[in-house]
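These notes are about the structure you will find just below.
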Amino acid sequence: MTDVTGADDVLHTLFRSDQGGHEQVVLCQDRATGLRAVIAIHSTALGPALGGTRFYPYATEAEAVADALNLSRGMSYKNAMAGLDHGGGKAVIIGDPETIKTEELLLAYGRFVASLGGRYVTACDVGTYVADMDVVARTCQWTTGRSPENGGAGDSSVLTAFGVFQGMRASAQHLWGDPTLRGRKVGVAGVGKVGRHLVGHLLSDGAEVVITDVREESVRTITDLHPEVAVAADTEALIRTEGLDIYAPCALGGALNDTSVPVLTAKVVCGAANNQLAHPGVEKDLADRAILYAPDYVVNAGGVIQVADELHGFDFDRCKAKASKIFDTTLAIFARAKEDGIPPAAAADRIAEQRMAEARQH
């Protein structure tokens, strides 16, 4: 990758002990196809790093590096809390997938992943789909999230949404003493691959649902199928909705920040988006407002559970049973938070770090 001006400060975090450290970061460029990518391996303490490939038009290469670092670290914690024998990794491809994604570019990307010899296993993420992973798999055996026709598990958003739903049920159990969402008003910000399935679970359980999305077609897909679903003008309007019980951020990260948290009307935040906390300290702001936060990397682990299972011969029922345990894991985090007198996000980190530390000692 050429001209990574501005990335020096970001790369410096690799070697800072207080950041958890990253084992390896690979900057990839293939001039023939226009590929520019970053592969970040945070930890292999529990096993090969596993995490998806995000295809996104980052404003700068430094921004892409920063995202890869944050996402890969999050995958280490997510995989640890999901009980998987995998460490954390993530890749980002720089560019607009609508305009530069080609078969040749994906094949070139697969060759870079393959060059790591299995230290990193890739899958889908924002901007990449099952069909893309089928292409990547042609040059890289360490690819998951493929289509059933190509030996894969298919769309991982199905179990991601199911896991978030289990996290919501656990949140309801903890806060209101009953795991049902019947009669609760739930706001879903982002009704793409995951949010669409989540809305279905919520309606089936009797919840009242309000949605928003920057893509009008995504909103229309939901309302055509479920005319009873209400639509908010935008995310700001959604989080201010009167009588909202649960807020589910299901788009990009940073949804919980200094602007949104003070005006949240919901008593629970539980959604599919990664890296929802915009910066350290937001978890305390939520706790100070008595808003229960279900840690994102815990409740959205259904997808990684699914793609991890693909490596061993995919079995949907086995995966769904494992994703169901997100309910118990979320309750355990709330209990640990109460016991230690800390926010749930900090409690989840402690549990994940303990598992990784124990693995390093063996």
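The values are calculated or read from the model by the stated rules, or taken from the named source; none is laboratory data. Since we're looking at a predicted model, the values are computed, not measured. Virtual Cβ from ideal backbone geometry, glycine too; neighbours counted across all protein chains shown. These accessible areas exclude ligands, DNA and RNA; they are computed on the full protein's heavy atoms, side chains included. Shrake-Rupley method; radii C 1.70, N 1.55, O 1.52, S 1.80 Å.
Please tell me if Gly192 is over 23 Å from Pro344 (Cα atoms), open to solvent by less than 50 Å² (accessible area, probe 1.4 Å) and modelled with pLDDT of 95 or more. Here the answer is no, as Gly192 does not meet what is asked.
Criterion applied to Gly154, Gly163 was being open to solvent by less than 30 Å² (accessible area, probe 1.4 Å) and either without any contact (Cβ under 8 Å) to a residue 60 or more places away in the chain or touching a Ser or Thr at 6+ places or on another chain (Cβ under 7 Å) (or both), and the one residue passing it is Gly154.
The helices (runs of 4 or more DSSP H) found entirely in the range 294-341 that carry 3 or more residues being over 15 Å from Phe165 (Cβ atoms) and open to solvent by 40 Å² or more (accessible area, probe 1.4 Å) are 316-324, 326-340. Total residues in the range 249-271 satisfying the condition of being modelled with pLDDT of 95 or more, touching a Gly at 6+ places or on another chain (Cβ under 7 Å) and open to solvent by 10 Å² or more (accessible area, probe 1.4 Å): the figure is 1. When Glu63 is tested against (1) open to solvent by 40 Å² or more (accessible area, probe 1.4 Å); (2) at pLDDT 95 or above; (3) on the phi < 0 side of the Ramachandran plot, only condition (2) is not met.
From the list Asp349, Asp315, Asp328, Asp309, the lone residue that is under 13 Å from Tyr297 (Cβ atoms) and of a type in the set (Asp, Glu) is Asp349. Residues considered: Gly89, Gly127, Gly117. Of these, the only one that is within 15 Å of the chain's Cα centre (by Cα) and surrounded by fewer than 23 Cβ atoms within 10 Å (Cβ to Cβ) is Gly127. Is at least one residue of the range 243-251 within 16 Å of the chain's Cα centre (by Cα) and not in a strand (DSSP E or B)? For the range 243-251, residues within 16 Å of the chain's Cα centre (by Cα) and not in a strand (DSSP E or B): present. Taking the criterion of being outside any loop (DSSP other than H, G, I, E, B) and either under 25 Å from Arg73 (Cβ atoms) or of a type in the set (Ser, Thr, Tyr) (or both), the residues of the range 253-267 that qualify are Leu256, Val261.
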